[in-house]
Every structure is written in C-alpha cells, then in structure tokens.
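First up is the structure itself, then whatever we jot down about it.
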Amino acid sequence: MSERGQGMKTILKFNQKKLFLSISILILGLFAFLLFLFLNQTYSFYIPCFFHKITGFYCPGCGITRMLLSLLHLDFYQAFRWNPFLFLLTPLFIVYGGAYFLYCLYDREAPKLPNTIWNILLIATIVFMILRNIPFFDYLKPTFIK
C-alpha cells in the first residue's frame with residue numbers, strides 16, 4: 001500500500017475506549033436529563049438560582065433551565081426571553097463542543113480558542129449581567145410570555 005493510503009488509515013482511526021466512555025457518559029446524561037424532565041413535569045421542579053436568592057440580582061445564567069425546556073418544546077421566542085445571551089451563544093457552544101469531541105475521539109489535538117475570544121466572552125457576560133439588573137433594560141430579565 002502506498003504511503004498516502006497508509007496515512008489515510010491512521011487519520012480515520014478513532015480511539016475505541018474514548019468512544020465507549022463517551023457513549024456511557026451520554027447515556028447517563030440522557031438518563032439524568034429525562035429524570036429532570038419527569039420531575040419538572042410532575043412536580044414543577046426547577047433548579048433555583050442561588051445568586052438571585054441571596055442578592056436579588058439576576059446572574060448571567062438566570063433562566064437557563066427554563067430556556068432549555070422551551071428549546072425542547074421548540075418555543076424559540078420564549079427560550080430567547082428566558083435568557084437572550086445564552087440563547088444566542090447556544091449554536092456556538094454546540095458547534096465548538098461537537099468539533100472538540102470529534103478531535104478528542106480521533107486522538108488529535110483540538111484547536112484552542114484564542115484568549116482574546118475568551119476575554120471578549122467574559123466581558124460580554126459581565127456587561128449582560130449588569131445590564132439585565134438595570135431597570136431601563138427590564139427586557140433582559142427572565143420573562144414569561146403568554
């Protein structure tokens with residue numbers, strides 16, 4: 001076999017132990033998520049935001065549980081109203097997380113996001129948290145739309 005053909009085989013080979021571990025974690029995560037959905041539908045069980053309970057201010061993550069449940073029901077507008085910042089970042093997290101998973105599965109070094117991007121995300125998160133607690137920006141608070 002040519003050297004080029006041999007190189008293709010090594011590129012496409014993935015780590016079976018990591019695949020098994022990933023599938024196991026996915027099944028456990030799915031089970032935990034289904035249990036949470038059952039508790040939520042049966043007992044209206046929500047995870048409280050301790051930051052909001054203690055300080056009275058909304059953190060950048062307030063409304064994320066309800067946002068995810070709205071996304072599950074394909075109610076995108078309501079999901080946006082629960083947490084617009086994380087709603088807009090969700091596609092980025094999915095794409096980056098999927099690419100990172102594939103790189104790890106094939107035992108390749110995953111590309112890292114530059115520190116500049118992490119710094120921008122951190123600053124945007126802090127600005128979002130400050131703005132959603134100012135009365136003029138009430139529309140950024142977690143809101144239920146009927």
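The values are calculated or read from the model by the stated rules, or taken from the named source; none is laboratory data. Bear in mind that the values here come from a model prediction, so they are computed numbers and not experimental data. Every residue, glycine as well, gets a Cβ built from its backbone with ideal geometry; the counts of neighbours run over all protein chains shown. In case anyone asks, the SASA skips ligands and DNA or RNA and just uses the protein heavy atoms, side chains included. Shrake-Rupley method; radii C 1.70, N 1.55, O 1.52, S 1.80 Å.
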With every protein chain present, what accessible area does HIS52 have (1.4 Å probe, heavy atoms only), rounded to the nearest 10 Å²?
-> 60 Å²
D_trans [Stokes-Einstein, Kirkwood Rh over alpha-carbon pairs] for the stretch 35-105, 25 °C, 0.890 mPa s, µm² s⁻¹ = 179 µm²/s
In terms of Cα to Cα distance under 26 Å, which lysines are near enough to LYS141, apart from those fewer than 8 places away along the same chain?
-> LYS53
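Counting only protein heavy atoms and a 1.4 Å probe, tell me what percentage of the stretch 29-77's accessible area is made up of carbon and sulfur.
Numbers: 2630 of 3620 Å².
Carbon plus sulfur share of accessible area: 73 percent.
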How far apart, in nm, are the 7 Å Cα→Cβ label points at SER22 and TYR46?
-> 3.5 nm
Can you list the HN-Hα couplings for the stretch 122-128, worked out from phi with the Karplus curve (6.51, -1.76, 1.60; θ = phi - 60°), rounded to whole Hz and with x for Gly and Pro?
-> 5, 5, 4, 5, 5, 4, 4
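Viscosity 0.890 mPa s, temperature 25 °C: what is the translational diffusion coefficient of the stretch 98-146 from Stokes-Einstein with a Kirkwood Rh over Cα pairs, rounded to a whole number of µm²/s? Mind dumping the intermediate values first?
On the way: Rh = 13.9 Å.
The estimated diffusion coefficient comes to 177 µm²/s.
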Counting only the heavy atoms of the protein chains, how much of PHE76 is accessible to a 1.4 Å probe, in Å² to the nearest 10?
-> 110 Å²
Considering only the other residues whose Cβ falls under 11 Å of the Cβ of ASN83, what net charge follows from Lys and Arg at +1 and Asp and Glu at -1?
-> +4
Gyration tensor (alpha-carbon) shape descriptor, the stretch 61-146, a/c threshold 1.5 = oblate
For ILE25, the accessible surface traced by a 1.4 Å probe with all protein chains present amounts, in square angstrom to the nearest 10, to 100 Å²
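Short version: what are the Cα gyration tensor semi-axes of the chain, square root of 5 times each eigenvalue, largest first, in whole Å? Each step should come with its number before you reach the end.
Details: eigenvalues 283, 92, 32 Å².
Rounded to whole Å, the semi-axes are 38, 21, 13.
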First select every other residue whose beta carbon is under 13 angstrom from the beta carbon of CYS59; then total the charges, Lys and Arg +1, Asp and Glu -1.
-> +3
